[in-house]
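Taking it in order: structure first as structure tokens, then the write-up.
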Amino acid sequence: MRILAVGAHPDDLEFLCAGTLAKYSKEGHKIFMAHLCNGDMGGRNIKPEELAKIRDKESKAAAKLVGAEALGPIAGDLDLYPTKEMRIRVVDIIRHSKPNLIFTHSPNDYMPDHVITSQLVFDAVFTATLPLYKTKYKVHEPIVPVFYLDTMAGIGFEPTDYVDITDFINIKKKMLLCHKSQYKWLKGHHNAEVTNFLEIMAKFRGLQCGVLYAEAFRRLNVWGRIKEVSQSLFRLP
Ligand SMILES: [Zn+2]
């Protein structure tokens, strides 16, 4: 299996699906972690160009912990729009990684980069299958199932599937802690203490499905997208 997760910012996948990625990496699946925005607005007393460089290093360090290939970014923070050019860039992320399964943000998440990432992935995942739609990479014809990631703090999100990440909670935390530049920023600007936030979300989703820690997902249930592969991947023990 090849699994592609597409988040908006360098630390989003760590909050929302790193336990699942770690679990499937351990089972021998190939993981791709993409973020579409470079994270250059996630700070206060630092130049955006410098911050983008720091966040690139942090995201690569986190991806390395699960042997994932890091992809992106394609835009600055708040500079992501559902344009043709951006759609082509996302099509090429999909065509490059040739996934059997895709994770991305829920369309009702809390800020524009997350919402637009969701939209771009939805648009690109269909476009990527079309042989006559020419881009830098070769067509990836399979119709890939898409699962939406939990929203931040789980607001307005009704899961269809859960993954037990009890054995992977520590690596999920380690991955998130690779994003050192964000501890202070998130505490100050969003009043969120990162590991506490992660712990509460994973415990809450675990409580819902009867395990200690879990991550929650919602299937994109449109014609042609739901296949056997997703059934087996999300089977709880
Ligand atoms: Zn984000």
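The values are calculated or read from the model by the stated rules, or taken from the named source; none is laboratory data. This one's a predicted model, so the numbers in the text were calculated from it and none came from an experiment. With ideal geometry, Cβ positions are generated from the backbone for all residues, glycine too; neighbour counts draw on all protein chains shown.
Matching residues to (1) hydrophobic (A, V, I, L, M, F, W, C); (2) surrounded by fewer than 23 Cβ atoms within 10 Å (Cβ to Cβ):
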position	(1), (2)
19	no, no
25	no, yes
29	no, yes
54	yes, yes
60	no, yes
Problem set entry | Contacts under 9 angstrom Cβ, first residue in the stretch 214-237 being within 25 Å of residue 202 (Cα to Cα) and surrounded by 10 or more Cβ atoms within 10 Å (Cβ to Cβ), partner modelled with pLDDT under 55 and among the polar types (S, T, N, Q), 6 or more apart | 219/230
Problem set entry | Any pair with Cβ under 6 angstrom, 6 or more apart, that starts in the stretch 65-84 at a residue that is farther than 21 Å from residue 177 by Cβ and ends at one that is of a type in the set (Lys, Arg) and not in a loop (DSSP other than H, G, I, E, B) | 74/89
Exercise. Which residue, of 156, 206, is buried (at least 17 other Cβ atoms within 10 Å of the Cβ) and at pLDDT 95 or above?
Worked result: 206
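Within the stretch 1-23, how many residues are more than 10 Å from the ligand (Cβ to nearest atom) and either in a strand (DSSP E or B) or over 9 Å from the mean Cα position of the chain (by Cα) (or both)? Don't jump to the end; show me each part of the working.
Pass one, the stretch 1-23, residues more than 10 Å from the ligand (Cβ to nearest atom): 1-6, 14, 17-23.
Filter once more, so that each one left must be either in a strand (DSSP E or B) or over 9 Å from the mean Cα position of the chain (by Cα) (or both): 1-6, 19-23.
Counting residues in the stretch 1-23 that are more than 10 Å from the ligand (Cβ to nearest atom) and either in a strand (DSSP E or B) or over 9 Å from the mean Cα position of the chain (by Cα) (or both) gives 11.
Answer yes or no: is there a residue in the stretch 175-186 that is touching a Phe, Trp or Tyr at 6+ places or on another chain (Cβ under 7 Å) and of a type outside the set (Gly, Ala, Ser).
Within the stretch 175-186, one or more residues are touching a Phe, Trp or Tyr at 6+ places or on another chain (Cβ under 7 Å) and of a type outside the set (Gly, Ala, Ser).
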Seminar exercise, completed: Residue set 121, 144, 125; condition modelled with pLDDT under 95, surrounded by 20 or more Cβ atoms within 10 Å (Cβ to Cβ) and at negative phi; output residue 144
Problem set entry | the stretch 113-149, residues that are within 16 Å of the ligand (Cβ to nearest atom) and either touching a strand residue (DSSP E or B) at 6+ places or on another chain (Cβ under 7 Å) or in a loop (DSSP other than H, G, I, E, B) (or both) | 113, 117, 118, 121, 148, 149
